[in-house]
Amino acid sequence: MTEAELYSVYKDVYVPTHLHPPECLKYYEDFTFRPDDILIVTFPKSGTTWMQEVVPLILSEGDLTPVLTVPNWDRVPWLEEHRAISSIWSRDLLHVSFATHFHHSMMNESYFKMKPRVLYVLRDPKDVFTSSYYYYGMASYLVNPGTQDEFMEKFLDGKIMFGSWFDHVKSWINAEEKESILYIFYEEMIDDLKGSVEKIAKFLGKSLSPDVTEKIADHCVFKNMKQNKMSNFSLVPEEYMDQKKSEFLRKGIAGDWKNLFTKAQEQRFNAVYKEKMKDVMFKFMWD
Ligand code: A3P
């Protein structure tokens, strides 16, 4: 199926219509943030699911119950999906955190007024491309990626869900409300998950004992988290995600692009990256 059949255009970017029908996007536009809300923001395939595991465990101070009993889409609902609508009842019961793939410019009025805390997760775009390539091949609500070359042109041109990686990252690193944003790299979490848990906890105003930090990091390490049925998307019917083609928690490493890219693809990607990021001062872990 084509982009015209599977996607809608929302604020200039493609969104998969099946996941984000108009009523959900409308719901989001009127959504009221609270200053103590926690928002996980990512370009797709940058480590959202990982953060949807880490944040609730920090808030529960290491109690595994929320992550072992509540699917991640209910635990940390998406602003742009049905679950945010249905989770409204729980806002007073849980310390609610939300996830979104929106660009900074797509945030609603209430966001700019309330300035909730944001965890912005960044990942090497070559690995985002690689992870996306497999994901688009297994999810029926996304346009089949075609060849790697074809998909690379779409990726570099922002003709995929949530548009351009470059625009997304630039929009968030240029945000004015920097005091309420923690920028964290996927690669940093791979290198030192315990240190990352500590850093996130500190940002969220939680002081955790070394044992609790250790417990959280141990649960969230790829091989362990992959076993969690509430987080590995095994609850999603195969007609939507065919994990026989590629698992959602696929490899969980940094640098997998090296196993996928040809030399020519690497050069093409680098050339576009250099051009699009030429005015950016931010220090990225992969540069
Ligand atoms: P790969 O496809 O490279 O394995 P998102 O949740 O934003 O869609 O991102 C999905 C990517 O994050 C996938 O990357 C997935 O395996 C990876 N991921 C999820 N949980 C992880 C974990 N605990 N450790 C490392 N990577 C993880």
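The values are calculated or read from the model by the stated rules, or taken from the named source; none is laboratory data. What you see is a predicted model, and the numbers here were worked out from it, not measured in a lab. Positions of Cβ are backbone-derived with ideal geometry, glycine not excepted, and every protein chain shown enters the neighbour counts.
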Sort through TYR186, TYR141, TYR133 and tell me the only one that's surrounded by 23 or more Cβ atoms within 10 Å (Cβ to Cβ), among the aromatic types (Phe, Trp, Tyr) and either closer than 24 Å to LEU59 by Cα or at pLDDT 95 or above (or both). TYR186
Would region 203-215 turn up any residue that is under 21 Å from the mean Cα position of the chain (by Cα), more than 19 Å from SER131 (Cα to Cα) and of a type outside the set (Val, Ile, Thr)? yes
Which residue out of ASP211, ASP192, ASP167, ASP157 is within 30 Å of VAL272 (Cβ to Cβ), surrounded by fewer than 17 Cβ atoms within 10 Å (Cβ to Cβ) and of a type in the set (Asp, Glu)? ASP157
Residues of region 61-75 being away from the ligand (no atom under 14 Å from the Cβ) and either farther than 21 Å from TYR120 by Cα or outside any helix (DSSP H, G or I) (or both), in sequence order, are GLU61, GLY62, ASP63, LEU64, THR65, PRO66, LEU68, THR69, VAL70
Output the number of the condition that GLU214 fails; it satisfies all remaining conditions of (1) of a type in the set (Asp, Glu); (2) in contact with a helix residue (DSSP H, G or I) (Cβ under 8 Å, 6 or more places away or on another chain); (3) within 26 Å of PHE155 (Cα to Cα). (3)
Quick check: anything in region 214-224 part of a loop (DSSP other than H, G, I, E, B) and away from the ligand (no atom under 12 Å from the Cβ)? no
Please count how many residues of region 25-60 are in contact with a Leu (Cβ under 8 Å, 6 or more places away or on another chain), away from the ligand (no atom under 16 Å from the Cβ) and of a type in the set (Val, Ile, Thr). 1
Could you tell me whether GLU80 is touching a strand residue (DSSP E or B) at 6+ places or on another chain (Cβ under 7 Å) and more than 9 Å from the ligand (Cβ to nearest atom)? yes
Test each condition in (1) part of a loop (DSSP other than H, G, I, E, B); (2) within 16 Å of the ligand (Cβ to nearest atom); (3) closer than 19 Å to ASP124 by Cα for LYS278 and report the one that comes out false. (2)
